[in-house]
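Engineer: Sharing a structure with you now.
The values are calculated or read from the model by the stated rules, or taken from the named source; none is laboratory data. No experiment lies behind these values; they were computed from the predicted model shown. No Cβ is skipped: glycine too gets one built from the backbone with ideal geometry, and neighbour counts run over all protein chains shown.
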Amino acid sequence: MPRLMLLDTASLYFRAFYGVPDSIRRQDGTSVNAVRGLMDMIARLVTDYEATHLVACWDNDWRPQWRVDLIPSYKAHRVAEIVTGAPDLETVPDPLEAQIPLIRHVLDLAGIATVGVDDHEADDVVGTYASQADMPVDVVTGDRDLFQLVDDERDVRVIYTARGMKNLEVVTDVVVVGKYRVLPQQYADFATLRGDASDGLPGVAGIGEKTAASLLAGHGSLAGLLEAANDPDGGLSAAVRAKLEAAADYLKAAPAVVGVVRDLDVPTLTEAGAQLRPVTGRAREELTELAVDWNLGGAVKRLLEALDART
């Protein structure tokens, strides 16, 4: 059965960088731990979850200006340097930054589709493919924001990596409800109300997870909640009304920031070359050479074997 796997690529190579010892280096001293770790992750993921198609979704812009214009605090704590008139620079350790070009090169040689869209994050690319795919989808990420894409009816799951590759969690509708007491389609509204310090989203002061879940259970969505807040007979307490009113400007802007874009102009899976195939010819030779030249160990062999099995 065809199955599409969508990688939140930066989430994975950050995890590889911090999870694989930095002592793993090329002979010239260049770190290669993120490259090796990412290849092993991909080899395991496509094998264990039987992916037939794979897209490495890329952050062409990790902090899009249009999201910052709506909420200036969005990811502000992650900015390494503010340069007027230039894109924000994300805090990335130098040894990891140096590996990113090699990661792109390895993905290209392995025939793994890499897709990014200008002015958008990888999350938006993931959201577009997950929403438009005509086959089951596995989204691989350590980011809870993508729980909003989970949809049992369409067979869209999240393979959640936050606890490490040895403790992967398959997130379905039941898991989201069990963790947060909201449906996946309510998750973006839930995150808007609760806030998320990791993304610089303040949330509504005085409304935490339990209250957010309770309000959405009673009113269905943020739009329904705000409609009730404007109705004297809407069933909300004066205290909750006051909290929502105080956060009115934030609540107007946040849904567009928290919600992933689902309608980007991306190449079709066929155009992107997403179907997994064995690596052959010069590309296979070059990957094998890289394994030696860059001290990539058995990671290249394991990736090639995983792709060989995708026939």
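Engineer: Take the residues of segment 284-296 that are of a type outside the set (A, V, I, L, M) and outside any loop (DSSP other than H, G, I, E, B): which is nearest to ILE24 (Cα to Cα)? Step through it out loud before you land on a result.
Structural biologist: Within segment 284-296, the subset of a type outside the set (A, V, I, L, M) is 284-286, 288-289, 293-295.
Going one step further and asking which of them are outside any loop (DSSP other than H, G, I, E, B), we end up with 284-286, 288-289, 293.
Values: ARG284: 23, GLU285: 23, GLU286: 20, THR288: 18, GLU289: 17, ASP293: 13 Å.
Among residues in segment 284-296 that are of a type outside the set (A, V, I, L, M) and outside any loop (DSSP other than H, G, I, E, B), the one nearest to ILE24 (Cα to Cα) is ASP293.
Engineer: Okay, moving on. Go through segment 1-102 and tell me which helices (runs of 4 or more DSSP H), entirely inside it, have 2 or more residues that are touching a residue at least 12 places away in the same chain (Cβ under 8 Å) and within 29 Å of ARG154 (Cα to Cα).
Structural biologist: On the way: elements: 9-19, 33-48, 65-70, 94-97.
Per the criteria, 9-19, 33-48.
Engineer: Step by step: first the residues of segment 259-283, then only those that are in contact (Cβ under 8 Å) with a residue 40 or more places away in the chain and assigned to a helix (DSSP H, G or I), then the one that is nearest to ASP189 (Cα to Cα). Which residue is that? Steps first, please.
Structural biologist: So in segment 259-283, the residues in contact (Cβ under 8 Å) with a residue 40 or more places away in the chain come out as 259-267, 269, 272-277, 279, 283.
From what's left, assigned to a helix (DSSP H, G or I): 269, 272, 283.
Details: LEU269: 30, ALA272: 32, ALA283: 45 Å.
For segment 259-283, the residue satisfying everything is LEU269.
Engineer: Turning to a different aspect of this structure: Looking only at segment 297-311, filter to residues that are out of contact with any strand residue (DSSP E or B) (no Cβ under 9 Å at 6 or more places or on another chain), touching a residue at least 24 places away in the same chain (Cβ under 8 Å) and not in a helix (DSSP H, G or I); which one of those is nearest to SER31 (Cα to Cα)? Break it down into steps so the answer makes sense when it comes.
Structural biologist: Filtering segment 297-311 down to residues out of contact with any strand residue (DSSP E or B) (no Cβ under 9 Å at 6 or more places or on another chain) leaves 297-309, 311.
With touching a residue at least 24 places away in the same chain (Cβ under 8 Å) added as a condition, the list becomes 297, 299-300, 302-309, 311.
Subsequent filtering for residues that are not in a helix (DSSP H, G or I) retains 297, 309, 311.
Numbers: GLY297: 13, ALA309: 29, THR311: 33 Å.
Among those that are out of contact with any strand residue (DSSP E or B) (no Cβ under 9 Å at 6 or more places or on another chain), touching a residue at least 24 places away in the same chain (Cβ under 8 Å) and not in a helix (DSSP H, G or I), it is GLY297.
Engineer: State the number of residues belonging to segment 181-217 that are in contact with a helix residue (DSSP H, G or I) (Cβ under 6 Å, 6 or more places away or on another chain) and of a type in the set (Lys, Arg).
Structural biologist: Of the residues in segment 181-217, 2 are in contact with a helix residue (DSSP H, G or I) (Cβ under 6 Å, 6 or more places away or on another chain) and of a type in the set (Lys, Arg).
Engineer: For segment 192-201, give me the residue count where each residue is modelled with pLDDT of 95 or more and either loosely packed, with under 15 Cβ neighbours inside 10 Å or assigned to a helix (DSSP H, G or I) (or both).
Structural biologist: 3
Conditions (1) exposed (fewer than 15 other Cβ atoms within 10 Å of the Cβ); (2) under 19 Å from ALA197 (Cα atoms), marked per residue:
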| site | (1), (2) |
| --- | --- |
| MET135 | yes, no |
| GLY142 | no, yes |
| PHE147 | no, yes |
| ASP151 | no, no |
| ARG157 | no, no |
| MET165 | no, no |
| LEU168 | no, no |
| VAL175 | no, no |
| GLY178 | yes, no |
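Engineer: Can you tell me which residue within segment 103-134, out of those that are among the acidic types (Asp, Glu) and touching a strand residue (DSSP E or B) at 6+ places or on another chain (Cβ under 8 Å), is farthest from ASP59 (Cα to Cα)?
Structural biologist: As a first pass, look at segment 103-134 and keep what is among the acidic types (Asp, Glu): 108, 118-119, 121, 123-124, 134.
Right, trim to touching a strand residue (DSSP E or B) at 6+ places or on another chain (Cβ under 8 Å) and you get 108, 123.
On the way: ASP108: 16, ASP123: 8 Å.
Selected residue: ASP108.
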